[in-house]
Amino acid sequence: MTARQTAARQTAARQTAAQRTAARQTAAFKARSTHRVSVAAGLLATIVTVGLAGCGHSSTGLARITIDGQAQVTPPKGQAHAAHSGDVLKAGDTVQVTAGEAAVRLLPSGVLQLRTGTQLVIGKTPRLASGAILIQAIGRAVQVSAQESTLVVPAGVAQLTVGTVATGMTVKVYQATSHLDIAGNPPTPIAAPRQITLTPQTRLPVQTSPLQYQDSDAWDHLYLASAEAISTQLGAAATGFNAQVPANQGKDAAFYQQLIPELSDRADFVSAFDGVQHAPAAAAARAAKPGDYLIASVIALRGTHGTFTDRLTNELAFSAQGAPWGFVAIDQGVADLTGVLNDVLAAIGRAALPFTGAPASQIAIPPPPSSPSTPTTRPSRPTTPTTRTTTTTPANPRQPRPATPTTTIPPPLLQLPVPVLPGPLGAILNPLLDPLIQALNNILAGR
């Protein structure tokens, strides 16, 4: 074999080896590519599944649950099992919270918060079997049925509580306006902050009432704690103001225009004030006191619902039903409740009122928060006994007699206590009351 033939065979062998290597590499690449596609497909399927579960877009899923505690789910035909955050809830599932709280996100929107002991049946219109839920409408209305009625929450926030047959159900509306649909009756609007309690003894059509705040209720506290605190201070200011206004004052619009300068800029205030007092259905206004008119006028200036006359009328009527003033302000669309309190205290500070000697029991000022470093009463000022020295002048100056000092001890004096009013109202009234009481003490002491 020639050298040329030998080189040709070696070249062919190298080409064959290269082809084989290439074939192996191609097969390996195809295998790796197939594996990657399978992994990617599986990962994509997992993402889609999780995403659909997170959004609740399942063929039969209507909601998704998040748990902060313990809960269980009972299918329509099955046994109860422990629920976990992220579980998809289907029609007919009964959710029961055994400890802590849970949140159920509805499709396409809306959230229901559940407390311990609450039972909720999932459906296109969820049904509250027992316990309490907080309904938050997000984007569109949420409907929940309970005891042959349906609560519709188009927007805002509401609480629905179902007890026994005897205790019935209660609806509390914190924001916006909800509607309660009872079979055979027109829907009843419930504007915040109001509530409805429906029992077997309730006469239809049902009437709304001011929301009954309970500090032990976490949802009441969440949405209305600030309004309740402002209400306490406004009520105390009104009570103290009423005790100081003479009987012949506070009955005309001019009195309040002096205290609230902004009222003088409103051409409709005098007619509104007179109209409220003389309207046929103004029983609440006729029973109102100066402090009520003062606060109602401040709220009406900041309110956004209706005319000035409408605001005064509705405010006094809502207050007469038992609504605290902070809730009255919310009902009129007022957001700055602290501003209302400041305006009321400033108006009281402008009043040149005589000291009427009202007993302390008529001034219902709440005590300041208890604190070891904050005394609840002002320490009484020490009194120094009055000492008078009498010196006898001798008849003959050339024969002086030793002077005999005579000390007279006066009888105990009646000391009037100096009242101390805490809070913002005290900052206004204490400087006025202090010198008055001291002046009376000086008169009693003969000074």
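Bear in mind these aren't lab numbers, they're just calculated from the coordinates by the rules spelled out. This structure is a prediction, so every number in the text was calculated from the model and none was measured. Using ideal geometry, Cβ is built from the backbone for each residue, glycine included, and neighbour counts are taken over all protein chains shown.
Between THR125 and ALA267, what is 0.36 nm times their sequence separation minus the Cα-Cα distance? Round to one decimal in nm.
Once the chain is fully extended between THR125 and ALA267, it gains 46.1 nm.
I'd like the Karplus ³J(HN,Hα) series for the stretch 208-224: coefficients 6.51, -1.76, 1.60, θ = phi - 60°, whole numbers in Hz, and an x wherever there's a Gly or Pro.
Here the 3J(HN,Hα) series is 7, 9, x, 4, 8, 6, 10, 5, 6, 7, 4, 6, 4, 5, 4, 9, 10 Hz.
So if R0 is 25 Å, what FRET efficiency would ASP68 and ASN342 give, r being the distance between their Cβ atoms, rounded to the nearest 0.05?
Efficiency computed from Cβ-Cβ geometry: 0.05.
For LYS90, list the lysines whose Cα falls under 26 Å from its own Cα; do not include residues on the same chain fewer than 8 positions away.
LYS77, LYS124
Which length gain, in nm to one decimal place, applies between LEU107 and LYS77 when the Cα-Cα distance is subtracted from 0.36 nm times their residue separation?
8.5 nm
Over all directions, how big on average is the projection of the convex hull of the alpha-carbon atoms in the stretch 132-203, in square nanometres?
Spelled out: convex hull of the Cα atoms, projected over all directions, averaged, 4.4 nm².
Tell me which lysines have Cα within less than 16 Å of LYS251's Cα, excluding those fewer than 8 residues away on the same chain?
Within the straight-line limit of under 16 Å, LYS251 reaches these lysines: LYS289.
Using a basic spin-label model with each label point 7 Å from the Cα along Cα→Cβ, how many nm lie between LYS289 and ALA335?
3.4
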